[in-house]
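Readers should treat all values here as calculations from the given coordinates under stated rules, not as data from a laboratory. Just so we're clear, the structure is a prediction, and the values are computed from it rather than from any experiment. Methodologically, a virtual Cβ is constructed for each residue, glycine included, from the backbone with ideal geometry; neighbour enumeration extends over all protein chains shown.
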Amino acid sequence: MAELDLLRFLAALAVVAFHYLVAYASVWGDRPAELFPALAPIAGLGILGVELFFIISGFVILMSVWGRGLGAFARSRLVRLYPAYWLSLAAIAALYGLTAAKPLNPKLSPGDYLVNATMFQRLFKITDASGVYWSLWAELRFYLLIAILVIVGVTYRRVLVFGGVWLAAVVIARELGNPVVDEIVMPKYAPYFVAGMALYLIHKHGNAWLPWLYVLAGYGLSWDSALGRVHSRIDAAGFKNMPVTDVGVIVTITLIFAATALVALGLVRLRPSRLLTALGGTTYPLYLFHSVIAVALIPLLAGDLPPWAVVTITTLTAIVVSYLVYSFAERPIQRLLKPRRSPQTTSAPVVQVEKASVP
């Protein structure tokens, strides 16, 4: 879906803008919000680009598991997530191991980098090699929960039960405040995943009322999560360095849900093109690599060029490098890892057809 490719790329650009124009004080050697006072209030909202990623993930992952078995799902996630991730991890290790770069240095041992290669480092209380890796841990836990749904069989009704139970667990988890329960239920991020799944049901089965209740519930629960994330950033850096208002957060979350709803309803359609496919493919490497490129370039350029020129060059470089990673490294590795099937081999679909009417 070309519309999702574009939304994913815009979400990645939003995260880049947040980091480059607001968050990366150690990289600039100065407060970015003071260097870009006019852009900082808007760029600060780019922190919510990850929330857009989560909604799209709920939509796309449900689409990808429909009619597939557990093995196929596991292989597809392995091939999709790990090649670019391993390349970014190698780039980080090389940056801090072979140069004198200090900003954002995770200060990991070789063993810590090896654990990071599993993507389960948070399970072992080991620091992420890159600050952006935190969202991948949320994605992995989402995949593990989806695997349960795949095992029992993906049907319309079972997806609704799965989403309803998960939303109820979110409410309970927020009341309990238990760290172990929070790790499993993900009360901060589950509303986005569930909303994305509900939007896929609407896209696939038509404009039924019950999935819309899930979307609205996810939207309502997302307010507290989004505001909490932004407030924690403001508490750490100060409003002057993170000049984002509550109204701005609510408006941004509303726009995110509205945009994905329009795509699900088919009211926004884009003709597939090589450009949009390339942007979609570049998105994941851009998310993973933009921090490394910022550390390598911004301190080098900041003393000789005005800030706007530095951030423009760095952003364009990040996009170009990410496209090269996608085209000449990630895709070849994915093709190598993707299992080959003979033309005579067919697989029986796992999805179970229900004749009951859609609620």
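Computed over the chain with a Gaussian network model linking Cα atoms closer than 10 Å, the most mobile of Thr99, Thr315, Thr260 is Thr99. Scan (i) 5, 22, 34, 27, 10, 2, 0; (ii) 5, 24, 30, 22, 13, 5, 0; (iii) 5, 26, 34, 23, 9, 2, 0 for the value of P(r) over Cα pairs in 10 Å bins from 0, in percent calculated from this model and give just the label. It is the value labelled (i). Normalised by the number of residues in the stretch 191-265, the average gap of Cα pairs under 8 Å and 6 or more apart makes the relative contact order 37 percent.
Principal axis extents of the C-alpha atoms in the stretch 260-326 (largest first, rounded to whole Å): 49, 23, 17. Residues in the stretch 76-90 carry Karplus couplings, in order, of 5, 6, 4, 5, 7, 8, 7, x, 5, 4, 4, 5, 5, 5, 5 Hz; the curve used is 6.51 cos²θ - 1.76 cosθ + 1.60 with θ = phi - 60°, and Gly or Pro positions show x.
Among Pro272, Pro83, Pro106, the largest mean-square fluctuation in a Gaussian network model of the chain, built with springs joining Cα atoms closer than 10 Å, belongs to Pro272.
Over the chain, Cα pairs under 8 Å with separation of 6+ residues give a relative contact order of 30 percent.
Summary of the geometry: the stretch 1-69 and the stretch 182-203, compared by the centres of their Cα atoms, lie 18 Å apart.
Estimate the FRET efficiency between Trp212 and Arg269 by the formula 1/(1 + (r/R0)^6), using the beta-carbon distance for r and 22 Å for R0, to the nearest 0.05. Before the final figure, lay out each step's value.
Details: r = 20 Å, r/R0 = 0.93.
The calculated FRET efficiency here is 0.60.
The distance linking the stretch 256-276 with the stretch 114-158 is 26 Å (Cα centroid to Cα centroid, whole angstrom). Across the stretch 205-212, rounded Karplus estimates of 3J(HN,Hα) from the backbone phi angles (6.51 cos²θ - 1.76 cosθ + 1.60, θ = phi - 60°) give 10, x, 7, 7, 7, 5, x, 5 Hz, Gly and Pro being marked x.
When the chain is treated as a Gaussian network with alpha carbon springs shorter than 10 Å, the biggest mean-square fluctuation among Met63, Met242, Met197 belongs to Met63.
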